[in-house]
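Structure first, commentary second.
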Amino acid sequence: MNNYDEFYDELMDLIYKIPLDSNGWQPFVKRINAILGSSSIHILAIDLERDVYSFSNCSGMLSEEELTVSELQYLRHPLNEDPRLKGFFAPGRKGWYQCHHTITDEMVENSALYQDILLPIDMRFTAIKEFLLDDKLCVSCH
């Protein structure tokens, strides 16, 4: 298992630079992507009082246009129809949520989210970890 403490100062520096540039999230998201060795990273905020997305930013192996289109499609999809979020918000879950433990092939076949948005961009599997989670807001990394 990796110890990611060595990246703390670098990531904190990138976080503090976010408000200084209109595209300030991209260096942070791209660096997280490189550190984790993932194909994509999606930073997502959910307003839990209103049950709506309040922020989204992603980076990955897709072209900028493909990322933008898929992100907009995802944000337009009803939040409560994402089966991964049900597992993520399950009582007692701790640490990273790994969708392959709870999302079956049958669920994927019957999910408009998977069929229309996630599978066409090869996003069958995801892991989710909260940066911030309380009764009003969840900011997570997918």
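Read-outs: derived from the displayed coordinates by stated rules, not from any lab. Quick caveat, the model's predicted, so the values are computed rather than measured. Cβ sites come from the backbone with ideal geometry, for glycine too, and all protein chains shown count toward neighbours.
Figures for the structure shown
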| read-out | value |
| --- | --- |
| Angle in degrees between helix 25-36 and the longest Cα principal axis of the chain, rounded to the nearest 10 | 80 |
| Phi-based couplings in Hz for the range 16-21 (Karplus 6.51, -1.76, 1.60; Gly and Pro marked x) | 5, 7, 3, x, 7, 9 |
| Dimensionless Rg over Rh [the range 69-130; C-alpha; Kirkwood] | 0.95 |
| Partner aspartates and glutamates for residue 94 [C-alpha distance under 12 Å; skip if fewer than 8 residues away on the same chain] | 130 |
| Whole-angstrom Cα spans of the range 102-141 along principal axes, big to small | 32, 18, 15 |
| Distance between the range 77-91 and the range 1-64 - C-alpha centres, whole angstrom | 20 |
| Relative contact order (percent, whole number), the range 24-136, Cα cutoff 8 Å, 6+ residue spacing | 21 |
| Total formal charge among the other residues, if their Cβ is under 13 angstrom from that of residue 11, Lys/Arg +1 and Asp/Glu -1 | -2 |
| Within the chain, helix-based [θ] at 222 nm, where runs of 4 or more DSSP H residues each add -39,500 (n - 2.57), nearest 500 | -9000 deg cm²/dmol |
| Cα-based convex hull, the range 30-142, per residue volume (Å³, whole number) | 104 |
| Distance between modelled label sites at residue 52 and residue 69, nm, 7 Å Cα→Cβ extension | 2.7 |
| Potential extension, residue 30-residue 12 segment - 0.36 nm per residue separation minus Cα distance | 5.1 nm |
